[in-house]
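The values are calculated or read from the model by the stated rules, or taken from the named source; none is laboratory data. What you see is a predicted model; the values in this text were computed from it and never measured. Positions of Cβ are backbone-derived with ideal geometry, glycine not excepted, and every protein chain shown enters the neighbour counts. The protein model used for the area step is the full one, side chains on, heavy atoms only, and it has no ligands, DNA or RNA in it. Shrake-Rupley method; radii C 1.70, N 1.55, O 1.52, S 1.80 Å.
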Amino acid sequence: MLKSQIHPHFLFNTLNNLYRLVMKDEVAGEVVLKLSDLLRFTLYESNVESIPIKSEIKFLQDYIELEKIRHHDHVSIEYDFSAIENEENKIAPLLFINFIENAFKHGVNKSRRGSWVKVILIQKSDFLEFNISNSKPTFKKTVNTIGGKGLNNISSRLKLLYPDKHLLTIEDKEEVYSVDLKIDLI
């Protein structure tokens, strides 16, 4: 237990020192701060049963902004989290990040030309809807990366957390991969 507490403490101190070193480079400083926020959320704030939607949104925004910095202008990255009626509604933490990571890992990062990712989160009353779509590489894949271990884990987690209260739809078309997740928060 003590060992696991020391490592994050060391990591955050190192990130703070790195931030001080790169303060003159605005982009590098922003990357270090966002990375620190992502790690803090993952290590400390996500170890609970539920969190306010606004906390999940902040985490997703930080992650997406890091990807924007990384991919510059050759990738169109859009997200809209403005259609949230009640940011205090509770959800399980880290529900959507795997879908976003996959959009970059299996879509954007494997593309040889301009690509795109679009993420939307909508919450009305007690219903939450998450949509993500991304372009797919134009070259032929030799290995099927769709439906891997990560998606199986997400599906299992949803069944445990929201039994009979969610609908996960995944579409794998020739040029676009999309995920639609609807959750009844009651």
Under a point spin-label approximation (7 Å from Cα along Cα-to-Cβ), what is the Asp126-Ser178 distance to one decimal in nm?
2.8
Convert each backbone phi in region 68-76 into a coupling constant with the Karplus relation 6.51 cos²θ - 1.76 cosθ + 1.60 (shift: θ = phi - 60°), then list the ³J(HN,Hα) values in order as whole Hz, x for Gly and Pro.
4, 5, 5, 9, 6, 8, 7, 10, 8
Asp126 accessible area, nearest 10 Å², 1.4 Å probe?
60
If you filter region 38-76 for GluC sites (Glu not before Pro), then keep DSSP loop positions with at most 10 other Cβ within 10 Å, what is left?
Glu49
Here D for region 47-186, in µm²/s, from Stokes-Einstein with a Kirkwood Rh over Cα pairs at 25 °C and 0.890 mPa s, works out to 156
³J(HN,Hα) across region 103-110 via Karplus (A = 6.51, B = -1.76, C = 1.60, θ = phi - 60°), whole Hz, x for Gly/Pro?
4, 7, 5, 9, x, 4, 5, 9
Ratio of alpha-carbon Rg to the 2.2 N^0.38 Å globular estimate for region 26-96, to two decimals, please.
1.19
Using protein chains only and a probe of 1.4 angstrom, how many square angstrom of Tyr79 are accessible, to the nearest 10?
60
Surface share of carbon and sulfur [accessible, 1.4 angstrom probe, percent] for region 75-186
50
May I ask you to derive the relative contact order of region 52-186, considering only C-alpha pairs under 8 Å and at least 6 residues apart, and to give it as an integer percent?
24
Enumerate the calculated ³J(HN,Hα) couplings along region 31-37 in order (Karplus 6.51 cos²θ - 1.76 cosθ + 1.60, θ = phi - 60°), each rounded to whole Hz, writing x wherever the residue is Gly or Pro.
4, 5, 5, 5, 4, 4, 4
Solvent-accessible surface ranking, highest first, for Ile57, Ile170, Ile69 at 1.4 angstrom
Ile170, Ile69, Ile57
Where region 69-186 is the region considered: accessible area per residue in Å², 1.4 Å probe
59
